[in-house]
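The values are calculated or read from the model by the stated rules, or taken from the named source; none is laboratory data. Not measured: the values here are computed from a predicted model. Positions of Cβ are backbone-derived with ideal geometry, glycine not excepted, and every protein chain shown enters the neighbour counts.
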Amino acid sequence: MKKNNTHFWETKQLHELSHDEWEALCDGCGLCCLHKLQDEEDDSAPVLMTRVVCHCYDINAGQCSDYANRHTTVPGCTALTVSRAAEFDWLPTTCAYRLRHHNLPLPSWHPLITGAKESVRPYSLHALNPVLETPDIDLEDYLIKVHS
Ligand code: SF4
Ligand code: SF4
């Protein structure tokens, strides 16, 4: 039976998405661009979130300033590909890729559902008063409490 692609985010598995559908799944929250801290010697230690955002992020524009080259500009920028879906639990609990990997629905405020890009804003890094990463910043000064 042919699937109805109108709501592809509900009907398709991650591996079935086209390139454009994959890109559209991102809500643009920017939370994955925030720095995290974890004890380097203890993989089981909790991951602590900060409100320090990658130096490549354009806070005013609300998006990566060099999206096309992000993986070369920032070597630590993780590529989100379907082959790495099993690792998606490092992403925020609201991340559409993480949710769909677990066959969970998108939140009601997701732009694919509302039709408005701005509907993500209260759930994005903008709500966390982000600061831009600088070479001398101490991440421990910017720890925040969010679910991860
Ligand atoms: S956390 Fe997920 S939905 Fe949000 S910007 Fe990153 S990839 Fe997109
Ligand atoms: S390079 Fe761009 S997409 Fe990657 S973490 Fe930095 S701001 Fe985010």
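Among the numbered conditions (1) away from ligand 1 (no atom under 15 Å from the Cβ); (2) touching a residue at least 40 places away in the same chain (Cβ under 8 Å), tell me where Y57 comes up short.
(1)
Can you run down the residue pairs with Cβ atoms below 9 Å, 6 or more apart or on separate chains, where the first is in the range 15-44 and under 30 Å from E140 (Cβ atoms) and without any contact (Cβ under 8 Å) to a residue 40 or more places away in the chain and the partner is in a loop (DSSP other than H, G, I, E, B) and more than 13 Å from ligand 2 (Cβ to nearest atom)?
Q38/A45; Q38/P46; Q38/V47; D39/A45; D39/P46
Return yes or no: is P105 part of a loop (DSSP other than H, G, I, E, B) and surrounded by fewer than 13 Cβ atoms within 10 Å (Cβ to Cβ)?
Numbers: part of a loop (DSSP other than H, G, I, E, B): yes; surrounded by fewer than 13 Cβ atoms within 10 Å (Cβ to Cβ): yes.
Against the criterion (part of a loop (DSSP other than H, G, I, E, B) and surrounded by fewer than 13 Cβ atoms within 10 Å (Cβ to Cβ)), P105 qualifies.
What residue, among those in the range 115-127 that are under 14 Å from the mean Cα position of the chain (by Cα) and of a type outside the set (D, E, K, R), is nearest to V47 (Cα to Cα)? Steps first, answer last, please.
First pass over the range 115-127, keeping only residues under 14 Å from the mean Cα position of the chain (by Cα): 120-121, 123-126.
Subsequent filtering for residues that are of a type outside the set (D, E, K, R) retains 120, 123-126.
Numbers: V120: 24, Y123: 20, S124: 19, L125: 17, H126: 20 Å.
This residue is L125.
Could you list all residues from the range 14-58 that are among the hydrophobic types (A, V, I, L, M, F, W, C) and touching a Lys or Arg at 6+ places or on another chain (Cβ under 8 Å)?
Step one: filter the range 14-58 for residues among the hydrophobic types (A, V, I, L, M, F, W, C), giving 14, 17, 22, 24-26, 29, 31-34, 37, 45, 47-49, 52-54, 56.
L14, L25, L34, V47, L48, M49, C56, listed by residue number.
Scan the range 16-36 for residues that are over 18 Å from P105 (Cβ atoms) and out of contact with any strand residue (DSSP E or B) (no Cβ under 8 Å at 6 or more places or on another chain) and jot them down.
S18, H19, D20, E23, L31, C32
Can you tell me which residue within the range 60-102, out of those that are of a type in the set (G, A, S), part of a helix (DSSP H, G or I) and surrounded by 13 or more Cβ atoms within 10 Å (Cβ to Cβ), is modelled with the lowest pLDDT?
At the first step, the residues of the range 60-102 found to be of a type in the set (G, A, S) are 61-62, 65, 68, 76, 79, 83, 85-86, 96.
Checking the rest, the ones that are also part of a helix (DSSP H, G or I) come to 68, 83, 85-86, 96.
From what's left, surrounded by 13 or more Cβ atoms within 10 Å (Cβ to Cβ): 85, 96.
Numbers: A85: 90, A96: 97.
So, considering only residues that are of a type in the set (G, A, S), part of a helix (DSSP H, G or I) and surrounded by 13 or more Cβ atoms within 10 Å (Cβ to Cβ), the one modelled with the lowest pLDDT is A85.
If a residue has to be modelled with pLDDT under 95 and among the aliphatic types (A, V, I, L, M) to count, how many in the range 32-58 make the cut?
5
Look through E118, E133 and report the one residue that is away from ligand 2 (no atom under 16 Å from the Cβ) and of a type in the set (D, E, K, R). Quick ask: steps written out before the conclusion?
Details: E133 fails: away from ligand 2 (no atom under 16 Å from the Cβ).
Of the residues listed, the single one that is away from ligand 2 (no atom under 16 Å from the Cβ) and of a type in the set (D, E, K, R) is E118.
Taking the stated definitions as given, is K2 modelled with pLDDT under 95, among the charged types (D, E, K, R), touching a Ser or Thr at 6+ places or on another chain (Cβ under 9 Å) and not in a helix (DSSP H, G or I)? Let's see the steps before the verdict.
Working: modelled with pLDDT under 95: yes; among the charged types (D, E, K, R): yes; touching a Ser or Thr at 6+ places or on another chain (Cβ under 9 Å): no; not in a helix (DSSP H, G or I): yes.
Considered against the rule, which asks whether it is modelled with pLDDT under 95, among the charged types (D, E, K, R), touching a Ser or Thr at 6+ places or on another chain (Cβ under 9 Å) and not in a helix (DSSP H, G or I), K2 comes out as no.
Here's a check for you: in the range 39-57, which residue that is over 15 Å from the mean Cα position of the chain (by Cα) and either within 14 Å of ligand 2 (Cβ to nearest atom) or not in a loop (DSSP other than H, G, I, E, B) (or both) is surrounded by the fewest Cβ atoms within 10 Å (Cβ to Cβ)?
H55
Just to be sure I understand, how many residues within the range 6-38 are away from ligand 2 (no atom under 15 Å from the Cβ) and in contact with a Pro (Cβ under 8 Å, 6 or more places away or on another chain)?
Qualifying residue count, the range 6-38: 2.
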